[in-house]
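Here is the structure we will look at, set down as structure tokens.
Nothing in this text is a laboratory measurement; each read-out follows from the coordinates by a stated rule. Keep in mind it's a predicted model, so treat the numbers as computed, not measured.
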Amino acid sequence: MKKLTFSLILLTHTLFAADSLMDALLDGNLTHKISSNYNEGQEEEETPFSSTKTQKFLFHYKTAPIMDGLKLEVATQSFATETHQTSSDNTIYYTEALYDGKAEDVGYKLSANYYADTYHQSIVESGLTTTNAFGAKAQVNYENFGSYVAYSKVMNGNHAASGDLEGKDHLLPTSSVLSSNNYAPNTAAYAVDLNYSPRKDVTLGSRYVVASEVQTNLSYTGVYSNFQLNEISKGLNLGLSFDKTGIDKQSDQFSINFKSKF
């Protein structure tokens, strides 16, 4: 098996520091990544003349704070696959606005995002299909307590909106603790989250999500906890999560997650 891999990563960080829109753009954070892979079959294999080409392109940019706390974020990511018979291309165009403010002892964050997820496959006569989605989130923090409410909507489309953008866990703010299913076409979702940090290295929380699809209504009731175990190993993190799915579907999920920075 022959394999050729090419990767290019370009990172641009702080350039200048100023308060104007233009300087905030220059002072932003840019990530640009291109990766390509090529696999070619050999004569002794079952498919001697098969080959697969994949290419991933990522452009991710965050501005510095604009107007005392407002930040903007834009990204596009494309993943293309080509074989000797078919080809497909999945591209995400993403934008988000985030405002971070404080009133006396209460901190708050307001955010809204919108993105388009396009998909094209050579063997499909309909050609390019696009699914649009947007979300909004309002978060408050007071001392060791935090809470947020969120809403999202996936518009009509022939395919589900993808939540896979490198560098971000979830594109919609209404994800459940473990088993979220909020990316199907024509889905509206609502989320409420409450969390408490008795110490800076411990977080306990609970989240409730309702998702309404065309034929199904689902609810997600979850609890989660996060522990930073720096006493054992610096950067070691332990997460415990439980999620229960209800209404039209019944299921339970439990997760134990260890993370460590090296």
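Could you derive backbone 3J(HN,Hα) for segment 131-142 from the dihedral phi with the Karplus parameters 6.51, -1.76 and 1.60 (θ = phi - 60°), listing whole Hz in sequence and x where the residue is Gly or Pro?
10, 9, 8, 8, x, 9, 8, 10, 10, 10, 9, 9
Given LYS102/LYS153; LYS153/LYS249; LYS62/LYS249; LYS33/LYS234; LYS71/LYS200; LYS137/LYS259, which pairs have Cα atoms separated by over 32 Å?
Violating the 32 Å Cα-Cα cut-off are LYS62/LYS249.
Compute the distance from the alpha-carbon center of segment 225-255 to that of segment 153-211, in whole Å.
Between the Cα centres of segment 225-255 and segment 153-211 lies a distance of 15 Å.
Normalised radius of gyration for segment 99-262, please: alpha carbon Rg relative to 2.2 N^0.38 Å, two decimal places.
Dividing the Cα radius of gyration by 2.2 N^0.38 Å gives 1.18.
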